[in-house]
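First the structure, in the form of structure tokens, and then the observations on it.
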Amino acid sequence: MTTDRTAPVLTVATDPASPGEGGWWTAPVTVTAATTDDQPGPVRVEHRVGTGDWTPYTAPLSFADGERVVAFRATDAAGNTSPEQVVRVNVDTAPPVTKAERGSSAARVKLTASDATSGVARTEYRISGGRWQVHRGGEIRVKPNGRQYVEYRSIDAAGNVEAIGRYTPRRGHDDCMDDI
């Protein structure tokens with residue numbers, strides 16, 4: 001009779017196989033686990049998400065938006081347990097959202113971007129179809145009364161790009177002629 005002292009071999013895979021920009025997937029991810037053992041008999045595979053309880057793995061796991069750490073382990077009939085296999089699953093399927101509004105005067109535009117999952121990597125703008133520039137904060141100066149407009153978009157850490165928005169400043173009653 002042989003004594004089994006060898007832990008099962010555990011393989012963990014994701015589909016799609018690897019994340020994109022910044023370690024983020026931009027579509028739902030499926031995580032699978034498979035084992036082999038040098039001895040016949042059942043192999044029990046367990047998984048946990050974050051610091052949760054170990055749970056029997058019975059089918060592929062699917063994840064949508066969010067950040068997770070998923071761990072797997074396998075134990076054979078002799079009680080040998082494989083080293084944990086850990087995979088980080090960061091999924092962000094939605095682009096950021098940018099709000100454009102009047103700044104401190106009609107000749108100034110304020111951009112505010114947000115992203116619920118991976119965070120805003122950058123916001124870009126251009127004036128009246130000009131060259132795209134990275135917005136570094138503060139207000140953007142333009143000519144009011146529709147003579148110039150601001151197009152803008154934000155990109156999140158996962159690489160999702162927002163559709164181009166457009167803001168055309170209008171002169172208000174409280175502006176002075178110096179803002180033109």
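The values are calculated or read from the model by the stated rules, or taken from the named source; none is laboratory data. As the structure is a computational prediction, the values presented were derived from the model and not from experiment. Please note: Cβ atoms are built from the backbone with ideal geometry, for glycine as well, and neighbour counts cover all protein chains shown.
What the table shows:
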item	result
Lone qualifier among Arg48, Arg73 - being surrounded by fewer than 19 Cβ atoms within 10 Å (Cβ to Cβ) and either more than 23 Å from the chain's Cα centre (by Cα) or in a strand (DSSP E or B) (or both)	Arg48
Among residues of segment 20-36, those that are in contact (Cβ under 8 Å) with a residue 40 or more places away in the chain, of a type outside the set (Val, Ile, Thr) and touching a strand residue (DSSP E or B) at 6+ places or on another chain (Cβ under 7 Å), counted	5
Flag for Ser114 being in contact with a Cys (Cβ under 9 Å, 6 or more places away or on another chain), assigned by TED's automatic domain parsing to the domain that holds Val150 and under 30 Å from Gly165 (Cα atoms)	no
All positions within segment 51-70 that are in a strand (DSSP E or B) and over 25 Å from the mean Cα position of the chain (by Cα)	Thr55, Pro56
Within segment 1-45, tally of residues that are of a type outside the set (Asp, Glu), closer than 22 Å to Arg73 by Cα and not in a loop (DSSP other than H, G, I, E, B)	17
Residue that is modelled with the highest pLDDT [pool: residues in segment 114-147 that are touching a helix residue (DSSP H, G or I) at 6+ places or on another chain (Cβ under 9 Å) and not in a loop (DSSP other than H, G, I, E, B)]	Ala121
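Yes/no matrix, rows are residues, columns are (1) modelled with pLDDT of 95 or more; (2) in the same structural domain as Gly119 (by TED's automatic domain parsing); (3) of a type outside the set (D, E, K, R):
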position: Asp4; (1), (2), (3): no, no, no
position: Thr30; (1), (2), (3): yes, no, yes
position: Thr35; (1), (2), (3): yes, no, yes
position: Glu46; (1), (2), (3): yes, no, no
position: Gly52; (1), (2), (3): yes, no, yes
position: Val69; (1), (2), (3): yes, no, yes
